[in-house]
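See structure below.
The values are calculated or read from the model by the stated rules, or taken from the named source; none is laboratory data. All figures in this text were calculated on a predicted structure; none of them were measured in a lab. Cβ: placed from backbone, ideal geometry, glycine included. Neighbour counts: every protein chain shown. Accessible surface is based on the protein model in full, side chains and every heavy atom, while ligands, DNA and RNA are left aside. Shrake-Rupley method; radii C 1.70, N 1.55, O 1.52, S 1.80 Å.
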Amino acid sequence: MRDQGWSWNSLQPYFEKVERWTAPADQHNTTGQYDPSVHGFTGMTSVGLAGYPQSIDSRVLNTSNLLGSDFAFNLDQNSGNSIGLGWVQATVNGSTRSSSATSYLAPKYLARHNLDVLLNVRVSRVLQTGISGSKPTFLSVEYRSNSDGTIRNITAGKEVILSAGSLGSPHILLNSGIGNSTSLEALGIKPTLNLPDVGQHMVDHPLGGGIFLVSGNGSYDKFNQDPSVRQEELQQWNATGQGPLVDTIVDHLVFQRVPINDSIFDSTPDPAAGPNSPHFELLICNGLPFGDLPTTGNFITVANVVVAPTSRKFMGQHNKHLLFNATSGGSVTVNSTDPFAPPVIDPALLATDFDKVAMRTALKNTLAFFATSLWSDYVITATDGLENATTDAEMDSYLSNFTQTIFHPVGTARMTAVDAKDGVVNPDLTVKGAAGLRIVDASVLVSFIRPQTLSV
């Protein structure tokens, strides 16, 4: 789909419009940590930098200066050129989280006369209410109260906007009979609209990386290991809005590319958005953010994320269009007529050769980052089997066991051109072949916004 309304130039003004750049909690001087010219300052959602320094910040920046190249410092990775190492920008408002809820559902907005918010309910289906021309109309929503289990319907006057996310939206559509009619009928769900792409073509960011044992006690692991430390830091945050809890777990990240001379490009076209767009990222965490944390010891983790996963297998090129296998990729499906039963999710992580190469390259770059002399008195050894992975085959084996999702799925209600026979929504996000129904969430994205999806 080549709709210029979804291009960088068309969307960038809206990115800035929604953003309100905010000073960090500790009010430190942020000169040289971001570029004000590429940010908005009057929007609804606060964005800012870390408000509490981590003990490794200077090591990270010095390593960037030492290695240069793909590790070179990037003043602002949201400028349109993401490659390099930069300061993480997070949706925070000083010491608190900023989100779609705090931005658009704050008390002053909930008090509007034209807005009603139902709490503790779960939507199960959208219901057909009639026919508009030859199109089925969906203006009713079925939902269940969590308190008493009562199922009710509510009907819209103009249209229903479905925003349940890349897992929830296709799940609701399938339960409503909107999907592959043959599959739904075989399952016992009455088809209402035949859209075979519902729940298909899912793409997700694979998360791999390495965990390293470190010396001293400068990591944030003590927060999770020692209840007294946890209580102290929580009290500090509650009383002053300061301390470690004002930050995310990452102060710096690195966006990088698979080398252009890698043989993978003999069989796979570059999936990135352009030469300034990355294939993977390294998130540097001064601690162990996932898995089982030992009761003693300190760790540093570099999470490796393939931010340009192919997932769908490349089949060739025709008239400058890249062609992918329509049956490959991840999926969200149902195996029950109970609309409240969980969906069946297959993220298809590391399903293609390119994704495996990108993840392995990220891991090699992680090892190179810590191999410099700047980390010799801090990093002791890799752990969890990475310390024994020296060949490509051993790294691939390690990564196949380590890799998981970072919860950024897209594509399960993907957008295609108005005249396309496939897809789920049109460029204006209306559901193909339906009236009164629109989808507004990440499920409509054909592929990832490079380099990273922002979750608010």
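Packing around the peptides 70-76, 144-150, 182-188, taken as the average count of other Cβ atoms within 10 Å per residue, puts them in this order, highest first: 70-76, 182-188, 144-150. Pairs with C-alpha atoms separated by more than 26 Å, drawn from the list LYS158/LYS432; LYS135/LYS158; LYS222/LYS356; LYS356/LYS421, are LYS222/LYS356; LYS356/LYS421.
Taking packing as the residue-averaged number of other Cβ atoms within 10 angstrom, the listed peptides 259-272, 212-225 run from highest to lowest as 212-225, 259-272.
The amide H of VAL214, built 1.01 Å from its N in the peptide plane, has ASN298, PHE299, ILE300, ILE380 as neighbours under 5 Å, considering only residues 5 or more places off or on other chains. A Förster radius of 51 Å, combined with the Cβ-Cβ distance separating SER400 from HIS113, puts the computed FRET efficiency at roughly 0.40. Accessible surface ranking for PHE340, PHE138, 1.4 angstrom probe, highest first: PHE340, PHE138.
Taking each DSSP H run with n ≥ 4 as -39500 (n - 2.57) and averaging over every residue of the chain yields -6000 deg cm²/dmol at 222 nm.
Could you state the angle between the C-alpha long axis of helix 353-370 and the longest principal axis of the C-alpha atoms of the chain, as a value from 0 to 90 degrees rounded to the nearest 10? Compared with the principal axis, the helix lies near 30 degrees. Taking amide H atoms as placed 1.01 Å from N in the peptide plane, the amide H of GLU159 has no partner under 5 Å among residues 5 or more positions away or on other chains. Our estimate of slack between THR296 and THR372, defined as 0.36 nm per intervening residue step minus the Cα-Cα distance, is 24.8 nm.
In sequence order, the stretch 64-75 has phi-based couplings of 4, 5, 5, 7, x, 6, 5, 9, 4, 5, 10, 4 Hz under the Karplus curve 6.51 cos²θ - 1.76 cosθ + 1.60, θ = phi - 60°, and Gly or Pro positions carry x. For the chain, the per residue solvent-accessible surface stands at 48 Å², with DNA, RNA and ligands left out and a 1.4 Å probe.
Residue separation of GLU387 and GLU16 scaled by 0.36 nm, minus their Cα-Cα distance, works out to 129.2 nm of gained length.
Rounded to the nearest 10 degrees, the angle from helix 165-175 to the longest Cα principal axis of the chain is 30 degrees. With the simple model of a label 7 Å out from the Cα in the direction of the Cβ, ILE380 to GLN231 spans 2.8 nm. A straight chain from ALA101 to ARG152 at 0.36 nm per residue would run longer than the Cα-Cα distance by 15.9 nm.
About the centre of its Cα atoms, the chain shows a dipole size close to 1560 debye [charges on the beta carbon of Lys, Arg (+1) and Asp, Glu (-1) only; nearest 20 debye]. To the nearest 10 degrees, how steeply does helix 392-402 sit against the main Cα axis of the chain, on a 0 to 90 scale? In the chain, helix 392-402 runs at an angle near 60 degrees to the longest axis. Ligands, DNA and RNA excluded, the heavy atoms of HIS28 present near 60 Å² of accessible surface to a 1.4 Å solvent probe.
The alpha-carbon of LYS108 sits under 22 angstrom from the alpha-carbons of these lysines, leaving out residues fewer than 8 places away in its chain: LYS17. When a 1.4 Å probe is rolled over the protein heavy atoms, the share of accessible surface on the chain that falls to carbon and sulfur comes to 53 percent. A simple spin-label model places pseudo-atoms 7 Å from Cα toward Cβ; at ASN194 and ALA72 they are separated by 5.5 nm.
Inter-label distance, ASP262 to SER145: 5.5 nm, where each label sits 7 Å from its Cα along the C-beta direction.
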